[in-house]
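The values are calculated or read from the model by the stated rules, or taken from the named source; none is laboratory data. Everything numeric here is computed off the predicted structure, so don't read it as measured data. In this analysis, Cβ positions are derived from the backbone assuming ideal geometry, glycine residues included, and neighbour counts consider all displayed protein chains. All accessible areas refer to the heavy atoms of the entire protein, side chains included, with ligands and DNA or RNA removed. Shrake-Rupley method; radii C 1.70, N 1.55, O 1.52, S 1.80 Å.
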Amino acid sequence: MVQFFKVKKPDVQAQAPLEVEILELNSHGVGVARHKGKPLFVAGVLAGERVRVKLTGQNNKYQTAGLVKVLKPSPQRLKPFCPYVAQCGGCSLQHVPVAVQRELKARAVARLFARHGVETLPEPEWLFGAEQGYRRVARLAIRRQGKGIALGFRRQQSHELVEIERCGVLQPALSTLIVPLRQLLNRLKAVRQLGHLELYEAAEGVALLLRHTGALPTRDLDMLLAFAQERSLALFLQDDSGRRPLHVPFPLYYQIDNIKLAFSPGDFIQINGRLNELMIRQALGWLAAEPEQPVLDLFCGVGNFSLPLAASGHPVVGVEGVMDMVEQARGNAEDNGLTLARFYRADLAADFTRESWARQGFERVLLDPGRAGAEQVVPYLLKLSPERLLYVSCNPVTLARDSEALLAGGYRLSRLGLIDMFPHTVHCEAMALFELS
């Protein structure tokens, strides 16, 4: 939902700070004021505030400005819990009450659907959870700094790095590793070969994946191994030749009820574990499959939806485009004794309706595509013509686009769920139930 615009820098005469009143927040959480007859966009503000700003860009239609000082704060303004919010930009809405954040997200989703001719939507049904400490996966950037390295997050829309000591939205077990990890990496000899670091909180502990180039010296490997052993961490290294484990004292999996879903570092798993559980329960409820009714799960990953469906007694066919993920899902089904789940690899951008698994017919279909959506898949879904089709989306932009084709193909949008997977950001995920008219 983020839009990028080309703006030119203001001329020298426009460099003096301005005082403006914020009229409203747009659907991206950015404040809107007026200056010289044009909209002026300012981040980090709330509606009704009087602020001092400095112009940063302008074109024929609008201007942008950076916040200098809040002169008259809104009574709704909150103090950000993160000391890096102004530099990092990852959780840019910390000053906005969560209820207002959700109003902005619902408004943004409604505007996206309206662009595709869907003016009336079902009342959104929200899923939400903890507002801090919710991320179980993180990617930390590494930047060479003098003779050592800095560790942190990239600035928003920038390659610059913000060095951090902690992160309030990471689960505590991950956040507390940031400082000792930076100290460790700065003691390594091959600092120029380090790429980035990925952290995962699994059910039995924390796993690290360190990406690097070339072979690491034996001394560095010994130090990395000692660090992992001392803290009971699973540690994996990855270079151009592939990923290899250095220390794995426990199996990597996350759990949904009694189901264990094994994964490997680098696999996609939902970052917000609690919201993932709520999302799965809602999905099963909305599909409303009859006892023993088959379900087709497209873009199934490691079995995130497939295995809970199978555990509920439904024969499931899970389909994924990456063979490694298919094999992981098959292994998860076998490890959990879920014989009702079968998994296949297929190119879902091609006509899959002639595949043997598709010819059995399905009245219930679930799809959970990536950010690009399912535009190429929709024509083949229409051929299958399931009675109920549940679309789980990490990108409402492509959900709204694909909905237009589904509605034109004879479906109606009967339920819309909004998922606040990442509080304090403009990002919103969604779940849409389509029923054959």
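Going residue by residue through the stretch 75-85, is there one that turns out to be over 13 Å from Ile22 (Cβ atoms), without any contact (Cβ under 8 Å) to a residue 60 or more places away in the chain and touching a His at 6+ places or on another chain (Cβ under 7 Å)? Yes: the stretch 75-85 contains one or more residues that are over 13 Å from Ile22 (Cβ atoms), without any contact (Cβ under 8 Å) to a residue 60 or more places away in the chain and touching a His at 6+ places or on another chain (Cβ under 7 Å). Consider Phe268 carefully, then state whether it is among the aromatic types (Phe, Trp, Tyr) and touching a Leu at 6+ places or on another chain (Cβ under 9 Å). Against the criterion (among the aromatic types (Phe, Trp, Tyr) and touching a Leu at 6+ places or on another chain (Cβ under 9 Å)), Phe268 does not qualify. Restricting the stretch 283-329 to residues that are touching a helix residue (DSSP H, G or I) at 6+ places or on another chain (Cβ under 8 Å) and of a type in the set (Asp, Glu), the residue that is farthest from Thr339 (Cα to Cα) is Glu320. Tell me, yes or no, whether the stretch 407-424 has at least one residue that is without any contact (Cβ under 8 Å) to a residue 40 or more places away in the chain, buried (at least 21 other Cβ atoms within 10 Å of the Cβ) and farther than 20 Å from Phe268 by Cα. Taking every residue of the stretch 407-424 in turn, at least one turns out to be without any contact (Cβ under 8 Å) to a residue 40 or more places away in the chain, buried (at least 21 other Cβ atoms within 10 Å of the Cβ) and farther than 20 Å from Phe268 by Cα.
Of the residues in the stretch 425-437, how many are more than 18 Å from Leu367 (Cβ to Cβ) and open to solvent by less than 10 Å² (accessible area, probe 1.4 Å)? Counting residues in the stretch 425-437 that are more than 18 Å from Leu367 (Cβ to Cβ) and open to solvent by less than 10 Å² (accessible area, probe 1.4 Å) gives 1.
May I ask you to list the residues in the stretch 30-50 that are in a strand (DSSP E or B) and in contact with a Lys or Arg (Cβ under 7 Å, 6 or more places away or on another chain)? Correct list: Lys38, Leu40, Arg50.
Return a yes/no flag: does the stretch 253-265 have any residue that is in contact with a Phe, Trp or Tyr (Cβ under 9 Å, 6 or more places away or on another chain), under 25 Å from Phe299 (Cβ atoms), open to solvent by 40 Å² or more (accessible area, probe 1.4 Å) and modelled with pLDDT of 95 or more. For the stretch 253-265, residues in contact with a Phe, Trp or Tyr (Cβ under 9 Å, 6 or more places away or on another chain), under 25 Å from Phe299 (Cβ atoms), open to solvent by 40 Å² or more (accessible area, probe 1.4 Å) and modelled with pLDDT of 95 or more: present. Six or more apart or on different chains, Cβ atoms under 7 Å: show the pairs whose first residue is in the stretch 99-110 and on the phi < 0 side of the Ramachandran plot and whose second is open to solvent by less than 10 Å² (accessible area, probe 1.4 Å) and among the charged types (D, E, K, R). Pairs found: Arg102/Asp420.
Against the conditions (1) free of Cβ contacts under 8 Å to residues at least 60 places away in the same chain; (2) in contact with a His (Cβ under 7 Å, 6 or more places away or on another chain), Gly57 satisfies every one except (2). Output the residue which, of all residues in the stretch 174-189 that are in contact with a Lys or Arg (Cβ under 9 Å, 6 or more places away or on another chain) and either aliphatic (A, V, I, L, M) or not in a helix (DSSP H, G or I) (or both), is nearest to Gln255 (Cα to Cα). Of everything passing the filter in the stretch 174-189, Leu174 is nearest to Gln255 (Cα to Cα). So how many residues does the stretch 164-173 have that are outside any loop (DSSP other than H, G, I, E, B) and crowded, with 18+ Cβ neighbours inside 10 Å? Residues that pass the stated criteria total 1.
Residues in the stretch 305-323 include none that are at pLDDT below 95, surrounded by fewer than 18 Cβ atoms within 10 Å (Cβ to Cβ) and either closer than 20 Å to Leu284 by Cβ or among the charged types (D, E, K, R) (or both).
Per-residue answers, yes or no, for (1) exposed (fewer than 13 other Cβ atoms within 10 Å of the Cβ); (2) free of Cβ contacts under 8 Å to residues at least 24 places away in the same chain; (3) out of contact with any Leu (no Cβ under 7 Å at 6 or more places or on another chain):
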{"residue": "Leu161", "(1), (2), (3)": "no, yes, yes"}
{"residue": "Ile178", "(1), (2), (3)": "no, no, no"}
{"residue": "Leu181", "(1), (2), (3)": "no, no, no"}
{"residue": "Arg192", "(1), (2), (3)": "yes, no, yes"}
{"residue": "Glu198", "(1), (2), (3)": "no, no, no"}
{"residue": "Glu201", "(1), (2), (3)": "no, no, no"}
{"residue": "Glu204", "(1), (2), (3)": "no, no, yes"}
{"residue": "Leu208", "(1), (2), (3)": "no, no, no"}
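Residues in the stretch 273-311 that are over 21 Å from the mean Cα position of the chain (by Cα) and closer than 17 Å to Asn332 by Cα: Leu307, Pro308, Leu309, Ala310, Ala311. Here is the figure for the stretch 337-371: residues that are open to solvent by less than 40 Å² (accessible area, probe 1.4 Å), over 19 Å from Ala311 (Cα atoms) and not in a loop (DSSP other than H, G, I, E, B) total 0. Once the stretch 372-396 is narrowed to residues that are open to solvent by 40 Å² or more (accessible area, probe 1.4 Å), in a loop (DSSP other than H, G, I, E, B) and touching a strand residue (DSSP E or B) at 6+ places or on another chain (Cβ under 9 Å), the residue that is farthest from Ser306 (Cα to Cα) is Ser385.
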